[in-house]
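Contents: one structure, followed by commentary.
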Amino acid sequence: MGLVSAYFFSLIGRVCRLTGAKSYRHAWELTLGNTGSRIVTIVCTFKPAFANLAYSMILADSFKSLLQTVGIQLSRTVALIFITIAILWPLCLLKNLKVLAPFSVLGIAAMVATVIAMTVRYLDGTYSLEYEGASRSFIQDLPPNMRPSFGSARMSGRLHPEVFNLLCMLATAYVAHYNSPRFYDELENNTIPRFNKVVVISYVASAMIYVVIAAVGFLTFGENSSGYILNNYSTKDALATFSRVSIALSISLTYPIVFVGVRDGVLDMMKIPGDERTHSLLNALSAVILSIVTILASTFTDLGIILSLGGATFGTAVIYIFPSLMFHKAVKDLGDSATERLRQEVVLSTFLMWFGVAVGSIGAYKSISGGFSE
């Protein structure tokens with residue numbers, strides 16, 4: 001999935017190279033015209049909105065656990081409201097988000113720290129059923145539904161229908177395609193080979209982190225692995241606490257960057273021109289959007305369902321459908337100057353598009369039916 005996502009990320013950059021587009025919507029308009037451009041705007045608005053929703057859910061769970069670590073018992077909803085008012089709201093009102101750019105490296109550091117912490121806990125066996133009751137075991141601190149569970153009938157088959165949920169979660173994990181035109185345009189000496197090199201390095205590094213976290217988390221907790229895996233770890237576990245602090249800090253500083261994309265998308269859908277986007281309007285709209293996201297984050301608790309549903313719907317469109325259609329039209333517009341290799345690649349991208357649609361459709365059905373039946 002990482003390789004396919006990386007391919008389509010690169011494909012968007014190549015469409016920008018062919019057309020001179022500077023944004024995702026601009027690339028669509030230069031290849032397919034105004035037809036469907038509003039749909040593209042809607043999708044590219046709601047996809048990061050799902051990311052903000054997931055961020056709020058993670059922050060709610062993280063802060064609830066962190067407060068429990070220091071002996072403060074608050075409900076998940078109260079913790080989320082506190083975080084939103086005290087941290088997220090002021091950050092989302094920043095007029096210049098460039099001040100947050102240097103902190104982006106914290107995201108990488110937080111993920112690496114989490115990988116190390118989870119690996120250490122898997123190797124030292126403190127969450128192993130073999131050590132249940134032992135003085136160094138954390139299992140007694142966990143509710144039954146968060147303790148390791150292996151060997152059930154649910155885990156007996158090699159191919160379980162819920163694998164499609166996982167594939168859709170991966171779509172959410174790898175999606176950044178609406179920013180591909182900007183990355184290509186702002187890349188120094190932005191040739192396609194240089195762009196592809198950046199894409200490959202980024203996606204390979206991301207894939208390695210995701211694989212390790214997924215593997216170690218599952219090997220530690222089995223079928224009881226939470227959608228947000230750090231929920232499985234004890235609030236008395238110092239390594240898990242450090243990971244929660246790292247992730248919470250990283251997400252808090254990343255949140256407003258994604259949020260601005262949602263807010264600007266809503267303004268685009270409302271067709272409000274740039275000169276009418278006053279500070280008071282931006283603040284009022286920010287309050288409305290943040291309130292809606294907070295209400296939804298307090299209502300839903302299964303992060304896996306949110307990630308799967310977002311990936312199955314908006315992720316499928318942004319990653320697979322739109323880039324393939326744009327590339328097909330861009331190659332067609334080349335006419336006789338299009339090489340045979342480009343024509344063959346159109347066939348490949350179309351095949352991968354339908355593969356993504358099939359996976360996304362099944363994943364959406366499983367997410368909705370499974371999420372609302374529990």
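Counted by Cβ distance under 15 Å from Q68, the other residues give a net charge of +1, where Lys and Arg count +1 and Asp and Glu count -1. Cβ-Cβ distance of K197 and W354, R₀ of 35 Å, FRET efficiency by 1/(1 + (r/R0)^6): the value works out to about 0.75. Each peptide in 30-43, 215-228 receives the mean, over its residues, of other Cβ atoms within 10 Å, and ordering these scores from highest gives 215-228, 30-43. With Cα atoms defining each centre, the range 187-256 and the range 312-335 are spaced 28 Å apart in the structure.
Of V198, V347, how do they rank once you tally other Cβ atoms within 10 Å and put the fewest first?
Ordered from fewest to most neighbouring Cβ atoms within 10 Å, V198, V347 come out as V347, V198.
Rounded to the nearest Hz, the phi-derived 3J(HN,Hα) couplings of the range 234-249 under the Karplus curve 6.51 cos²θ - 1.76 cosθ + 1.60 (θ = phi - 60°) are 5, 6, 9, 7, 5, 5, 5, 4, 4, 5, 5, 5, 5, 5, 4, 5, where x marks glycine and proline. Ordering T241, G227, F259 by Cα displacement along the dipole of the range 213-286 toward the positive end leaves T241 in first place; charges were set at the Cβ atoms of Lys, Arg (+1) and Asp, Glu (-1). Summing +1 for each Lys or Arg and -1 for each Asp or Glu among the other residues whose beta-carbon sits under 11 angstrom from that of I192 gives +4.
In this structure, the amide hydrogen of S149, modeled 1.01 Å from its nitrogen in the peptide plane, lies closer than 5 angstrom to those of G222, E223, N224, counting only residues at least 5 positions away or on a different chain. Report note on the peptides 55-62, 292-299: ranked by the mean count of other C-beta atoms within 10 Å, highest first, their order is 55-62, 292-299. The amide H of K22, built 1.01 Å from its N in the peptide plane, has A27 as neighbours under 5 Å, considering only residues 5 or more places off or on other chains.
Could you tell me the distance between the Cα centroids of the range 29-44 and the range 339-365, to the nearest Å? When both Cα centres are located, 19 Å separates them.
From most to least packed by mean Cβ count within 10 Å, the peptides 244-251, 105-112 give 244-251, 105-112.
Readers should treat all values here as calculations from the given coordinates under stated rules, not as data from a laboratory. Predicted model, so just to flag it, every value in this text is computed and none were measured. Ideal geometry is used to build each Cβ from the backbone, glycine not excepted, and the neighbour counts take in all protein chains shown.
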